[in-house]
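Contents: one structure, followed by commentary.
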Amino acid sequence: MKPRTKLQKEVAELSEKLGEISESPKNWAKEHLFAHTAYKCKDELWCSECGKMWINTDNSELGTILLGDKTECPYCHHKLDVTVSRKSQNKEEIYMDILQVVGGFQVIRHILCCKYSCKSGFREHPISNPYYSFFETVQEWIAVNGKRTIIARPMNMGGNGWLYSEPLSIKNEYGSGYYNYGDVYSIHGWLYSKIEVLPELKKRGIGRNFPDVNPSRLIRSLLTGNNDAELCLKTKQMAMLKHMAKEGYYQLRYKPSFNICNRNHYIIRDAGMWNDYIDLLLYFKKDVRNAKYVCPKNLKVEHDLLMNKKRSIEAKLRRDRERREAIRREKERRENIIQFYKRMEKFFGLEITDGSITIRPLESITQFYQEGKAMHHCVYTNGYYKRNDCLILSARIGEKRIETIELSLKTLEVVQSRGACNQNTEYHKRIIGLVKKNIGLIRNRLSA
Ligand SMILES: [Zn+2]
């Protein structure tokens, strides 16, 4: 898109003058970003730096080469890591970030560095072997107030690749906020060793070594006055800085405790664990402003000690809860039995029969359980024995259970009658008819 605002016009103009990246970062990338490999297949090796191939035998002057060894290419004399591989070509893509100061802006240039190498003769390479290419994909121009202007190549439709042949141009912010992970422009690549940073960043704690975190987010965070990131930098609490960067926002979870560490020159090595440890101290109501607690000599030991203690306390609480629950259930069970007898006693001994089918009420909760289990339905699981508006009867032929009947005590009608697995049986109509015919027996008991 065309630059519109005064800021965009200024940035576009400065970017124009910036030109292509120079040879030094390219050479640095060739040496430091890519692997230098000797691909070994049986006793044959080829060099990722010149593509030439040579034979290694036990009798050769190079001696036996073991995996993980270093060796030297006999042609280009590069030091190489030996990898056992059958591949005849290799492609690597790595991002390099270059920090520059231009016209009062902190500029972060993101360069996609590509290397292609192949075994000589595998494929004719028109230019060189290895073949390198460098694509500048994004420039972030960050003003002293932290506001960034993006210059980038367009992306393809899927948003997962750059259109390298298109020129760089001003782009809108993608989403909003510094910590938006949809932000495709804040690339975290390898930082080119020659670093230029704004004096404001130096004031806020950026030294000669830039920390290994996403540079764009850290820089914008610092320039917009993030004191927690600055505090970590100035007190050299790099583990905490990295931890916060990974969490996605530069904010200390336990700042007062962190300050105690700094006052005692205590460097936190494992920030995630330290945060957990402070959590545990708070759980045990320890004084988290006391160096004795917050600066442990052996963090892991103290952390594990408290964690195990907490675990056993939680386990005991869980057991207590389960015990209380078991007692409650037992009480409820007894209460159910008592209530069931009170309600249903009057139906005990009732029997309806036509000579072959006999229908009797279920007379205990155990019988509900047995009926439910034998018939594979929910008469027990759904607690029909708790309901005072229905009478449950079992229709049998001899000892064989045929159907289970639910009779409403309000309407004296059969609500349902079901055989095994809730299926109707060939006796279904007969059973319902039999109950209907004898409903007077039930009515008598009900009003007795
Ligand atoms: Zn070589």
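Worth a mention:
- Couplings for region 232-246, taken from phi via the Karplus curve 6.51 cos²θ - 1.76 cosθ + 1.60 with θ = phi - 60°, read 4, 4, 6, 9, 6, 8, 6, 4, 5, 4, 5, 4, 5, 4, 5 Hz in order; Gly and Pro are left as x.
- About its Cα centre, the dipole of region 6-191 is roughly 300 debye, where the only charges are +1 on Lys and Arg Cβ and -1 on Asp and Glu Cβ.
- Ordering G225, I98, Q416 by Cα displacement along the dipole of the chain toward the positive end leaves Q416 in first place; charges were set at the Cβ atoms of Lys, Arg (+1) and Asp, Glu (-1).
- Global geometry of region 339-382, whether rounded, prolate or oblate, following the gyration tensor of its Cα atoms and the 1.5 cut on a/c: oblate
- Magnitude of the charge dipole, the chain, Cβ model with Lys/Arg +1 and Asp/Glu -1, debye to 20: 2380 debye
- Top positive-direction residue, dipole computed over region 266-345 with Cβ charges, set L305, Q339, L280: Q339
- Region 270-397 - Rg over Rh from alpha carbon coordinates, Kirkwood radius: 1.44
- For region 396-439 and region 94-120, distance of Cα centres in Å: 82 Å
- Cα Rg over Rh - region 328-436, Kirkwood: 0.96
- Placing unit charges on the Cβ atoms only, positive for Lys and Arg and negative for Asp and Glu, gives region 266-345 a dipole magnitude near 300 debye about its Cα centre.
- Mean separation of Cα contacts under 8 Å (6+ apart) over length of the chain, as relative contact order %: 8 percent
- When the Cα positions of N145, S15, C73 are compared along the charge dipole of the chain, N145 comes out farthest toward the positive end, with charges on each C-beta of Lys, Arg, Asp and Glu.
- Those aspartates and glutamates that a straight Cα-Cα span of less than 17 Å connects to K246, excepting residues fewer than 8 apart in one chain: D183, D212, D228, E230, D270, D276
- FRET efficiency, S193 to I55 (Cβ-Cβ, R0 56 Å, nearest 0.05): 0.90
- Orientation-averaged projection of region 266-345 equals 7.2 nm² [convex hull of Cα atoms, one quarter of hull surface area].
- Mean-square fluctuations from a GNM of the chain, with a 10 angstrom spring cutoff on Cα atoms, peak among Y277, Y384, Y254 at Y384.
- Of K70/K234; K26/K147; K194/K234; K26/K79; K346/K437, those spanning more than 31 Å from alpha-carbon to alpha-carbon: K70/K234
- Distance from the C-alpha centroid of region 277-331 to that of region 348-369: 55 Å, rounded to the whole angstrom.
- Whole-number percent relative contact order across region 348-447, with pairs defined as alpha carbons under 8 Å at least 6 apart: 23 percent
- Annotation: the chain has a Kirkwood hydrodynamic radius of 30.5 angstrom, from the mean reciprocal C-alpha pair distance.
- Cysteine residues of the chain whose C-beta has no other cysteine C-beta under 4.7 angstrom: C41, C113, C114, C118, C232, C261, C295, C378, C390, C421.
- Relative contact order, whole percent, for region 266-345 stands at 24, derived from Cα pairs under 8 Å and 6 or more residues apart.
- Where GluC sites (Glu not before Pro) in DSSP loops with at most 13 other Cβ within 10 Å are excluded, longest remaining stretch of the chain: 197-350
- Helix 6-18 vs. the chain, principal-axis angle (Cα, 0 to 90°, nearest 10): 50 degrees
Only the coordinates and a few stated rules stand behind these numbers; no lab work does. What you see is a predicted model; the values in this text were computed from it and never measured. In this analysis, Cβ positions are derived from the backbone assuming ideal geometry, glycine residues included, and neighbour counts consider all displayed protein chains.
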